[in-house]
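The values are calculated or read from the model by the stated rules, or taken from the named source; none is laboratory data. The structure presented is a predicted model; accordingly, all values stated were derived computationally and were not measured. Cβ placement follows ideal geometry from the backbone for every residue including glycine, while neighbour counts extend to all protein chains displayed. Heavy atoms of the whole protein, side chains included, go into the accessibility calculation; ligands, DNA and RNA do not. Shrake-Rupley method; radii C 1.70, N 1.55, O 1.52, S 1.80 Å.
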Amino acid sequence: MAESTRVSSLPWRTLLPPIIAFLLFLPIVSGSYFKPFNVSYDHRALIVAGKRRMLVSAGIHYPRATPEMWPDLITKSKEGGADVIQTYVFWSGHEPVKGQYNFEGRYDLVKFVKLVGSSRLYLHLRIGPYVCAEWNFGGFPLWLRDVHGIQFRTDNEPFKKEMQKFVTKIVDLMREAKLFCWQGGPIIMLQIENEYGDVEKSYGQKGKDYVKWAASMALGLGAGVPWVMCKQTDAPENILDACNGYYCDGFKPNSKTKPVLWTENWDGWYTRWGGSLPHRPAEDLAFAVARFYQRGGSFQNYYMYFGGTNFGRTSGGPFYITSYDYDAPLDEYGLKSEPKWGHLKDLHAAIKLCEPALVTADAPQYRKLGSNQEAHIYHGDGEAGGKVCAAFLANIDEHKSAYVKFNGQSYTLPPWSVSILPDCRHVAFNTAKVGAQTSVKTVESARSPLGSMSILQKSVRQDNVSYISKSWMALQEPIGIWGENNFTSQGLLEHLNVTKDRSDYLWHRTRINVSEDDITFFKKNGANPTVSIDSMRDLLRVFVNKQLSGSVVGHWVKAVQPVRFVQGNNDLLLLTQTVGLQNYGAFLEKDGAGFRGKARLTGFKNGDIDLSKLSWTYQVGLKGEAEKIYTVEHNEKAAWSALEPNVSTSIFTWYKTYFDSPEGTDPVVLDLESMGKGQAWVNGHHIGRYWSIISQKDGCEKPCDYRGAYNSDKCTTNCGKPTQTRYHVPRSWLKPSSNLLVLFEETRGNPFKISAKTVTAGILCGQVSESHYPPLRKWSKQEFINGTMSINSVAPELHLHCEDGHVISSIEFASYGTPRGSCERYSTGKCHASKSLSIVSEACQARNNCFIEVSNTAFHSDPCRGTSKTLAVMARCSPSQDRSYLGF
Ligand code: GAL
């Protein structure tokens with residue numbers, strides 16, 4: 001019997017997720033998810049259904065995924081140990097036109113909340129309605145700027161009226177759908193405003209009055225659950241205030257009656273076009289979380305648990321990229337980012353084991369263990385009558401390990417780490433010891449629908465990428481004013497006042513008459529005249545007589561662009577572009593886009609020409625946008641012509657082709673590295689802006705060390721490479737064949753080199769030593785409570801698991817002994833159990849997941865007596881329907 005428990009594998013587990021998902025989502029039809037319960041709080045914690053709770057929350061923004069992705073994201077959050085899902089509400093998506101509401105598709109908020117409830121998770125709904133969130137205009141709809149007399153986020157009647165109307169609408173919607181906890185729904189907490197404390201000073205007394213108004217307005221809606229204002233030290237007594245940041249263990253709420261809440265634990269960071277990619281190591285993130293619960297925290301939310309994608313033109317800015325991956329535990333496509341996801345899952349399991357003790361004690365007992373080491377102990381009477389005790393031992397030294405004595409036992413604490421002792425004795429988890437597997441995402445060229453290929457062939461194909469299509473059509477976008485709905489006006493108008501953000505693009509055209517004398521003057525001076533603008537954002541392209549003179553990129557920067565005129569009349573065209581509207585800061589309504597300050601043409605014989613005094617013709621957007629040539633319905637109406645490969649392409653061109661969907665169920669991306677800058681649509685769905693801009697050259701050199709306080713410049717990657725090359729195309733937007741892909745390219749690019757690829761966790765690595773703590777799944781909460789823990793006799797385990805629908809197709813490396821190196825670069829050391837590979841292969845091959853005990857017994861003998869041994873494994877995962885790797 002022992003054999004099967006030591007090296008166990010559970011193929012039936014692959015069947016579990018769909019069955020569980022089916023059972024869990026049944027209540028969607030039936031209506032209520034919980035027996036109605038109330039939520040209140042005391043100084044220690046939220047009180048859910050009469051009990052203090054230690055809660056872990058996962059941030060997921062519903063419109064950053066598709067409804068088809070939601071169930072899997074929620075399931076994986078729950079599996080990872082979340083009790084709560086947290087989301088903002090995105091006003092601009094729900095009310096794009098004043099008074100016209102949208103709660104469909106990715107904006108089907110009711111459906112999202114119901115899915116959370118049917119998974120029996122709670123929901124924290126952050127209505128805002130200002131949300132920041134790297135979302136276009138911080139979530140405000142553009143029409144809000146045009147409300148007469150409006151000033152955002154202050155004591156201003158027109159703003160308050162619109163804000164109240166929207167917040168009421170959302171609360172009513174939730175109440176009508178019976179989604180509050182007291183109705184049997186999942187909503188346990190709400191949020192009004194967002195980090196207003198950061199900007200409050202800019203608004204003086206009116207800011208203070210606004211905080212009071214927002215609080216009483218929210219409370220007046222009778223939602224029946226607590227409201228939060230995050231980063232709001234003057235939050236009124238009956239509103240919770242909360243911390244946001246990389247660390248919140250020192251946070252003290254503004255009243256002794258309020259619990260310690262952490263609404264945003266930044267587990268990664270967002271990315272700018274031209275910026276490097278952020279990475280927050282799992283060890284440091286776990287350290288921050290453990291410290292938080294250690295020092296009295298009771299609710300912590302990962303911002304983000306799943307970041308997702310800024311589809312369409314939803315990304316904020318300026319200059320935030322289309323991916324909102326965030327280095328979150330679930331990546332942009334919803335795949336687990338390992339070891340982050342798994343390490344946090346283990347952490348949550350350890351915290352859950354401590355929960356009986358954590359909720360019993362009103363405050364921890366503090367014990368200093370060394371100069372940089374401390375313990376916090378929670379003990380008291382357990383619910384079942386017995387005594388409960390949990391302790392956190394921290395070593396906040398950034399460099400050295402520490403040996404501490406606690407309760408008569410010795411403990412080794414790695415630098416910058418916390419050990420969690422759910423019974424005040426045994427270590428269930430240490431934040432710096434990662435037992436979870438590492439996954440390496442592999443990106444494969446789309447498989448030919450003509451039949452499956454072997455792993456080997458596939459990897460050859462990776463170098464020899466197959467492009468999406470050999471047949472492309474092109475259409476030239478007119479340079480300049482193209483249609484009838486243009487208009488002429490005196491002077492330079494503010495960009496957003498004209499576009500209302502219906503498009504990124506605004507054309508301005510004027511006529512410049514250049515005399516013979518001017519031309520002689522330019523020649524004599526040896527300098528061309530220049531367009532000179534005091535301040536502009538985000539992108540300006542200058543054309544003379546339809547020829548591009550140059551472009552300027554920046555955020556409120558000076559633009560100086562030399563231009564070449566001919567004698568006589570010249571068309572001067574200025575194209576201003578936005579790349580995501582401002583989402584943070586005070587006075588957003590005044591920010592605007594396009595130009596600020598003086599705009600001149602310099603270098604003329606008779607002095608500068610003031611461009612703001614001229615008459616300009618304006619045109620919003622592109623002709624192709626107006627004609628919707630990216631949609632399945634309208635694209636055929638445009639005059640496309642076939643594109644020859646290797647012919648050089650011109651700027652401002654639309655491209656289209658049809659392509660087959662990659663086989664299988666893995667997430668699909670389009671590789672647009674061969675393109676310049678523009679936007680892309682698949683079957684009419686706007687997949688986002690693309691831009692092959694290169695990331696900053698420097699900043700990625702230092703090796704990533706988890707120790708010490710994190711900031712977003714630490715551990716970055718991808719310097720000197722294009723910031724984003726892969727663009728997510730959700731599976732549900734694809735059909736098996738003839739998918740319409742349309743791109744609008746502003747500069748130059750080669751569509752013939754566009755490929756469709758699939759992303760999967762193709763490689764798994766795991767490394768666990770004999771001295772690691774026993775697997776958390778074998779710790780029984782009941783045994784703690786009863787004081788009968790027998791965990792000493794259980795050996796540690798290495799757990800490997802492929803994504804659903806995938807199986808371990810091969811074990812590439814396995815060594816029980818003293819293996820060296822790291823994932824993808826392992827080698828055997830002096831000590832090596834000769835049967836390592838066969839034992840691991842036997843346990844894991846062709847299965848979705850497997851557990852391997854790290855012990856001499858599991859490997860049939862001790863390969864080197866007296867030496868501490870480690871098991872290191874590298875495995876490959878492949879789609880389970882693909883049996884070719886087994887030789888079929
Ligand atoms: C916070 C804000 C979030 C998000 C985050 C950075 O300050 O509340 O909405 O913008 O920063 O990702």
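Of note:
- Between helix 157-176 and the chain: long-axis angle, C-alpha atoms, 0 to 90°, nearest 10: 40 degrees
- A cut-off under 11 angstrom between Cβ atoms defines the neighbours of ASP155, and their net charge, with Lys, Arg +1 and Asp, Glu -1, is +3.
- Accessible area of PHE319 in the full protein assembly, 1.4 Å probe (Å², nearest 10): 30 Å²
- Taking every alpha-carbon pair under 8 Å whose residues sit at least 6 apart, the chain reaches a relative contact order of 13 percent.
- Karplus (6.51, -1.76, 1.60) ³J(HN,Hα), θ = phi - 60°, over segment 761-778, in Hz, Gly and Pro reported as x: 7, x, 10, 10, 10, x, 8, 9, 9, 3, 8, 4, 5, x, x, 4, 5, 9
- For the chain, Cys with no neighbouring Cys Cβ under 4.7 Å: CYS132, CYS181, CYS230, CYS354
- Net charge of Cβ neighbours under 9 Å - reference ARG731; Lys, Arg +1; Asp, Glu -1: -2
- Lysines whose Cα lies under 29 Å from that of LYS605, excluding same-chain neighbours fewer than 8 positions away: LYS523, LYS524, LYS546, LYS558, LYS613
- Whole-Å distance, taken between Cα centres, linking segment 631-648 and segment 686-727: 35 Å
- On Cα atoms only, tilt of 70-79 relative to the major axis of the chain in degrees: 30 degrees
- For the chain, the longest principal axis of the C-alpha atoms and the axis of helix 282-294 are separated by about 70°.
- Nearest-10 value in Å² for the accessible area of ARG52, using the 1.4 Å probe: 50 Å²
- Applying a DSSP loop filter and a limit of 11 other Cβ atoms within 10 Å to the GluC sites (Glu not before Pro) in segment 607-670 leaves GLU633.
- Listed by chain and number, the aspartates and glutamates whose C-alpha is less than 16 Å from the C-alpha of LYS201, apart from same-chain residues fewer than 8 away, are ASP155, GLU193, ASP209, ASP234.
- Helix-only CD estimate at 222 nm, as mean residue ellipticity for the chain, using -39500 (n - 2.57) per DSSP H run (n ≥ 4): -5000 deg cm²/dmol
- Computed from backbone phi with θ = phi - 60° and the Karplus coefficients 6.51, -1.76 and 1.60, the 3J(HN,Hα) list for segment 311-322 is 5, x, 10, 7, 6, x, x, x, 6, 8, 6, 5 Hz; x is used for glycine and proline.
- Accessible surface of the chain, 1.4 Å probe: 51 percent of it comes from carbon and sulfur atoms.
- Dipole check for the chain: with +1 at the C-beta of Lys and Arg, -1 at the C-beta of Asp and Glu, and the Cα centre as origin, the magnitude is about 540 Debye.
- When both bridge partners sit in segment 2-337, DSSP labels roughly 25% of those beta bridges antiparallel.
- Amide H contacts under 5 Å for GLN151: PHE159, restricted to partners 5 or more places along the chain or on a different chain, H placed in the peptide plane at 1.01 Å from N.
- The phi-based Karplus calculation (6.51 cos²θ - 1.76 cosθ + 1.60; θ = phi - 60°) puts the 3J(HN,Hα) values of segment 744-751 at 10, 10, 7, 10, 10, x, 10, x Hz, whole numbers, x for Gly and Pro.
- Rg/Rh ratio calculated on Cα atoms of the chain (Kirkwood radius): 1.00
- Heavy-atom surface of the chain, accessible at 1.4 Å and reported per residue (Å²): 39 Å²
- Environment charge of ARG280, counting only residues whose C-beta is closer than 10 Å and scoring Lys/Arg +1, Asp/Glu -1: -2
- Potential extension, MET217-SER650 segment - 0.36 nm per residue separation minus Cα distance: 150.4 nm
- Rg over Rh for segment 798-888 works out to 1.00, using Cα positions for both radii and the Kirkwood form for Rh.
- Added length on full extension, which subtracts the Cα-Cα distance from 0.36 nm per residue, SER738 to ASP610: 40.9 nm
- Taking 13 Å as the cut-off, the amide N atoms of segment 572-602 that come nearer than this to a point 7 Å along the Cα-to-beta-carbon line of ASP198 belong to 582-588.
- Beta bridges per DSSP, both residues in the chain: antiparallel share near 80 percent.
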